[in-house]
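Just below is one structure, and these are the notes that go with it.
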Amino acid sequence: MTDLNAFLEPGAIVRHPQQPDWGLGQVQSNIQGRVTVNFREQGKVVIDSSRVALLPVYDES
């Protein structure tokens, strides 16, 4: 299994590439290939890192 989000740490801001309407999300945890993200428009979602590569956001403007 390849962990596509291994570099993400709690507090990081991300977007889901297939769900742009979810808005920005903040990483809550990243444990064994499962990333929990709290998205502004969707709420808390657990992402399987072997299936989805989240997009880091470095500038929110």
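Look at segment 29-61 and say how many of its residues are out of contact with any strand residue (DSSP E or B) (no Cβ under 6 Å at 6 or more places or on another chain) and aromatic (Phe, Trp, Tyr).
1
Scan segment 1-56 for residues that are assigned to a loop (DSSP other than H, G, I, E, B) and touching a Phe, Trp or Tyr at 6+ places or on another chain (Cβ under 9 Å) and jot them down.
Those that are assigned to a loop (DSSP other than H, G, I, E, B) and touching a Phe, Trp or Tyr at 6+ places or on another chain (Cβ under 9 Å): HIS16, GLN19, GLY23, LEU24, ARG40, GLU41, GLN42.
Within segment 25-61, how many residues turn out to be β-branched (Val, Ile, Thr) and either in contact with a helix residue (DSSP H, G or I) (Cβ under 8 Å, 6 or more places away or on another chain) or without any contact (Cβ under 8 Å) to a residue 12 or more places away in the chain (or both)?
3
Output the number of residues of segment 9-38 satisfying the condition of being surrounded by 16 or more Cβ atoms within 10 Å (Cβ to Cβ) and at pLDDT below 95.
1
Name the residue that is surrounded by the most Cβ atoms within 10 Å (Cβ to Cβ), counting only residues in segment 39-50 that are within 15 Å of ASN5 (Cβ to Cβ) and at pLDDT 95 or above.
If we take residues in segment 39-50 being within 15 Å of ASN5 (Cβ to Cβ) and at pLDDT 95 or above, then ILE47 is surrounded by the most Cβ atoms within 10 Å (Cβ to Cβ).
The values are calculated or read from the model by the stated rules, or taken from the named source; none is laboratory data. Since the structure is predicted, the reported quantities are computational estimates derived from the model, not experimental observations. Positions of Cβ are generated from backbone atoms using ideal geometry, with glycine treated the same way; all protein chains shown enter the neighbour counts.
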